[in-house]
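Reading through the structure tokens given below for one structure.
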Amino acid sequence: MLNGKVAIVTGSTNGIGFAIARRLAQDGGHVLVSSRKQKNVDAAVEQLKKEGLSVSGIVCHVGKEEDRKRLVTKALEEYGKIDILVCNAAVNPFVGPILETTESIWEKVFQVNVISTFLMIKLVVPHLQKQGYGSIIICSSAASYLPLSPIGPYSVSKAALLCLTKVMADSLRPMNIRVNGLVLGLINTTFSEKIRMIPEIHLKLASFGIYRLGKPEECGGIVSFLCSEDASYINGENIGVTGGIVGRL
């Protein structure tokens, strides 16, 4: 579905991001993977290349301007263009009573999860515009629909991304650039370990009849679809990959 398309995926050396990068490459894309540690980048690229996929990698901390710029430059040097951006990188540095959160925690969460997502999009848009089209995916969370006070800052930041998806879709529509959101449920990854330890999360999931964790691979296919021509009339939507959690904000 994505023959010849070039995709950047942030936070993509393990878990959901890795599964998304793999699927985009399996569907014919050239994919640039990234994360904060060189060893993780090297391991992800080696694994995907062993599978015969067209990938390359670079270290990128999305909270750092110089890293974001290097990421875009690498994509252009390696592939000559950019068609797809998947904003998956995120942090969740705190689990506990919300009144124990500090200003620095809120600043870190919003800087990485929200502000850096916008700045990454802003950096890539001129290159998508050159192509005359483009697709952007913003990864949010079902924690925005079912807020949990033990991960309060994370929940609030992910709710902000629901709105950012709508705002950017409206702003970029005249450029033929589509923006959609992926609202992720409880997926079986290292990142979600702390969240899975919160007792009430399992009670909330059970109330919806959900008794298993999602798999990272169950996220990759929907991203590939949303970036393809099959989804050319889908724009500004926040698509739930949650196993059945219902919610609107």
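The values are calculated or read from the model by the stated rules, or taken from the named source; none is laboratory data. Only a predicted model underlies this, so the values are computations on that prediction, with no experimental measurement involved. Because the Cβ atoms are built from the backbone with ideal geometry, glycine has one as well, and the counts that use them run over all protein chains shown. To get the accessible areas, we keep the full protein, side chains included, count just its heavy atoms, and leave off ligands, DNA and RNA. Shrake-Rupley method; radii C 1.70, N 1.55, O 1.52, S 1.80 Å.
Go through region 34-63 and count every residue that is within 22 Å of Ile115 (Cα to Cα) and surrounded by 13 or more Cβ atoms within 10 Å (Cβ to Cβ).
Of the residues in that region, 9 qualify.
I'd like the residue in region 29-53 that is touching a residue at least 12 places away in the same chain (Cβ under 8 Å) and part of a loop (DSSP other than H, G, I, E, B) and, out of all such residues, is farthest from the chain's Cα centre (by Cα).
Step by step, filter region 29-53, then rank; the result is Glu51.
Between a first residue in region 179-208 that is on the phi < 0 side of the Ramachandran plot and assigned to a loop (DSSP other than H, G, I, E, B) and a second residue that is open to solvent by 90 Å² or more (accessible area, probe 1.4 Å) and modelled with pLDDT of 85 or more, which pairs have beta carbons less than 8 Å apart while being 6 or more apart in sequence or on different chains?
Matching pairs, first to second residue: Asn188/Lys215; Thr189/Asn14; Thr190/Asn14.
Before we move on, is Cys227 in contact (Cβ under 8 Å) with a residue 24 or more places away in the chain, within 23 Å of Pro93 (Cβ to Cβ) and either touching a helix residue (DSSP H, G or I) at 6+ places or on another chain (Cβ under 6 Å) or surrounded by 20 or more Cβ atoms within 10 Å (Cβ to Cβ) (or both)?
no
Restricted to region 1-28, and to residues that are open to solvent by less than 10 Å² (accessible area, probe 1.4 Å) and assigned to a loop (DSSP other than H, G, I, E, B), which residue is nearest to Ser54 (Cα to Cα)?
Leu2
Could you please give the count of residues in region 181-200 that are over 24 Å from Cys163 (Cα atoms) and in contact with a helix residue (DSSP H, G or I) (Cβ under 7 Å, 6 or more places away or on another chain)?
Result for region 181-200: 3.
Out of Pro199, Pro174, report the one residue that is farther than 23 Å from Arg23 by Cβ, of a type outside the set (S, T, N, Q) and modelled with pLDDT of 95 or more.
Details: Pro199 fails: modelled with pLDDT of 95 or more.
Every option except Pro174 fails the conditions.
Tell me which residues, restricted to region 59-94, are within 21 Å of Ser155 (Cβ to Cβ) and of a type in the set (Gly, Ala, Ser). Working first, answer last.
Let us first name the residues in region 59-94 that are within 21 Å of Ser155 (Cβ to Cβ), namely 62-63, 87-94.
Once the filter is applied, which keeps residues that are within 21 Å of Ser155 (Cβ to Cβ) and of a type in the set (Gly, Ala, Ser), region 59-94 yields Gly63, Ala89, Ala90.
Any residue in region 73-80 that is open to solvent by 30 Å² or more (accessible area, probe 1.4 Å), at pLDDT below 95 and either within 18 Å of Leu226 (Cα to Cα) or in contact with a Gly (Cβ under 9 Å, 6 or more places away or on another chain) (or both)?
To start, the set of residues in region 73-80 that are open to solvent by 30 Å² or more (accessible area, probe 1.4 Å) comprises 73-74, 76-80.
The next check asks that each one be at pLDDT below 95; those that pass are none.
No, that holds for no residue.
Kindly provide the set of residues from region 92-133 that are among the polar types (S, T, N, Q) and either surrounded by 15 or more Cβ atoms within 10 Å (Cβ to Cβ) or touching a residue at least 12 places away in the same chain (Cβ under 8 Å) (or both), ordered by number.
The first filter runs over region 92-133 and keeps only residues among the polar types (S, T, N, Q), leaving 92, 101-102, 104, 111, 113, 116-117, 129, 131.
Within region 92-133, Asn92, Thr101, Gln111, Asn113, Ser116, Thr117, Gln129, Gln131 qualify.
Inside region 193-224, can you point out the residues that are more than 25 Å from Phe94 (Cβ to Cβ) and under 18 Å from the mean Cα position of the chain (by Cα)?
Lys215, Glu217, Glu218, Gly220, Gly221, Ile222, Val223, Ser224
Kindly provide the set of residues from region 107-142 that are among the small types (Gly, Ala, Ser) and more than 17 Å from Val183 (Cα to Cα), ordered by number.
Residues satisfying the conditions are Ser116, Gly132, Gly134.
Residues to consider are Ile187, Ile151, Ile136; find the one that is over 21 Å from Ser12 (Cα atoms) and crowded, with 18+ Cβ neighbours inside 10 Å.
Among Ile187, Ile151, Ile136, only Ile151 is over 21 Å from Ser12 (Cα atoms) and crowded, with 18+ Cβ neighbours inside 10 Å.
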